[in-house]
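Worksheet: one structure, shown below.
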Amino acid sequence: MQLSDIKTIGVVGGGTMGFGIAINFALWGYPTIISDLNDDVLAGTRANITHALQLFVEGGLIGQPRAEETLARITTTTDLAQLAAQSDFITEVIVERLPDKQDLFKQLDELCPPHTIIATNTSRLVVSDIGVHARRQDKLVLTHYFAPPHIVPGVEVAKGPGATDETFELTCELLSSARKIPIRVRGEKSGYLVNRIQHAMAREASQLWAEGMASAEDIELGIVSTFGFRMPHEGPFLHYDLAGIWKWPEDARNPHAIENEKLREQMLKAQPWFLDPANFDEAVEKRDREYIRRLKELYWKDTDY
């Protein structure tokens, strides 16, 4: 199977991640089908897609004609069998419950043509558990997107235990064709790469807040205005090269043991930190506009829009 054989994309789940993944594939020419359990959910999915594409237009990422072409490539259905029969590559983005994902993978395995690759967007579970009842072990992969998935470029890719190198590389090639950056993961571990790294930072920040070292506002400011500012160009390993790993203090290599129930309770009582729940949609739109600007300036070539 080659990239040219992948004609249609299926996305199972039309929520926060699903609609964005569908936009990404449709934007780069792939007819895309989204399925969910009922038409009310799918009506919300279509509304989210329309709004997200409008932000792309307003941000100068694409023109109105391309937004309309993208929207025309996306169809929705409540019939999982219809999606399965027509799709060459499927990503599931349903709720993070193992039995539900196992059942879905089993259904898709039975309904899809033999060549179809089935991917999960999980961040917490692993492919070997999710796909345990599927027969096509050679075509099961992880494609873990990051919110908002139609904007954030990186996608973690990992093989299921029986997946072939061909399946893995074809998945990476497919993502690249939709202007994503495949992050090749060489094993299975809950959280995979990026979430384990960012959650480690969040745990340490939470502990410092609980100890009264700084307010949540100043911890947030310290992150986004220092190493957060560098991160579009510099990860930890390049930073080691630039700053010298030998300069790191001993206590930075021995972080606190900071996962405990008492801290969790403290943090839940302190929420919300900065965001008034009544202004949630406004905050998400503000974030997405900024991310679109960065995507255009840092990752998209002139020929992409």
Would you be able to say whether some residue in region 110-119 is over 19 Å from I33 (Cα atoms), in a loop (DSSP other than H, G, I, E, B), among the β-branched types (V, I, T) and in the same structural domain as G162 (by TED's automatic domain parsing)?
no
Hits in region 51-92 - residues which are under 24 Å from A119 (Cβ atoms), among the acidic types (D, E), surrounded by fewer than 21 Cβ atoms within 10 Å (Cβ to Cβ) and touching a helix residue (DSSP H, G or I) at 6+ places or on another chain (Cβ under 8 Å)
D88
Report, ordered by the first and then the second residue, all pairs with beta carbons closer than 7 Å, sequence separation of six or more or different chains, a first member in region 176-187 that is free of Cβ contacts under 8 Å to residues at least 12 places away in the same chain, and a second member that is surrounded by 14 or more Cβ atoms within 10 Å (Cβ to Cβ).
S176/P182
How do the pairs read when you match residues in region 74-97 that are closer than 11 Å to G13 by Cβ with residues anywhere that are in a loop (DSSP other than H, G, I, E, B) and modelled with pLDDT of 95 or more, using Cβ under 6 Å and keeping only pairs 6 or more apart or on different chains?
T91/N121; V93/G13; V93/N121; I94/G13
So, in region 273-304, of the ones that are farther than 30 Å from W209 by Cα and surrounded by 13 or more Cβ atoms within 10 Å (Cβ to Cβ), which residue ends up modelled with the lowest pLDDT?
D304
Just to be sure, is V95 of a type in the set (A, V, I, L, M), in the same structural domain as T122 (by TED's automatic domain parsing), surrounded by fewer than 23 Cβ atoms within 10 Å (Cβ to Cβ) and part of a helix (DSSP H, G or I)?
no
Working only within region 103-124, note down all residues that are out of contact with any helix residue (DSSP H, G or I) (no Cβ under 6 Å at 6 or more places or on another chain) and over 19 Å from T167 (Cα atoms).
D103, L104, Q107, R124
Is at least one residue of region 168-180 under 24 Å from Y299 (Cα atoms) and outside the structural domain of L108 (by TED's automatic domain parsing)?
no
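Quick grid of which residues meet (1) farther than 19 Å from I117 by Cα; (2) modelled with pLDDT of 95 or more; (3) part of a loop (DSSP other than H, G, I, E, B); (4) in contact with a Gly (Cβ under 8 Å, 6 or more places away or on another chain):
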position: G10; (1), (2), (3), (4): no, yes, no, no
position: I21; (1), (2), (3), (4): no, yes, no, no
position: I33; (1), (2), (3), (4): no, yes, no, yes
position: D40; (1), (2), (3), (4): yes, yes, no, no
position: I49; (1), (2), (3), (4): yes, yes, no, no
Within region 124-154, track down each residue that is in a helix (DSSP H, G or I) and of a type in the set (A, V, I, L, M, F, W, C).
V127, I130
Could you grab me the full set of residues in region 195-243 that are part of a loop (DSSP other than H, G, I, E, B), of a type outside the set (A, V, I, L, M, F, W, C) and either at negative phi or in contact (Cβ under 8 Å) with a residue 12 or more places away in the chain (or both)?
E211, S215, S225, T226, P232, H233, E234, G235
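The values are calculated or read from the model by the stated rules, or taken from the named source; none is laboratory data. If you're wondering where the values come from, they're calculated on a predicted model, not measured in any experiment. Cβ coordinates were reconstructed from backbone atoms using ideal geometry, including for glycine residues, and neighbour counts include every protein chain displayed.
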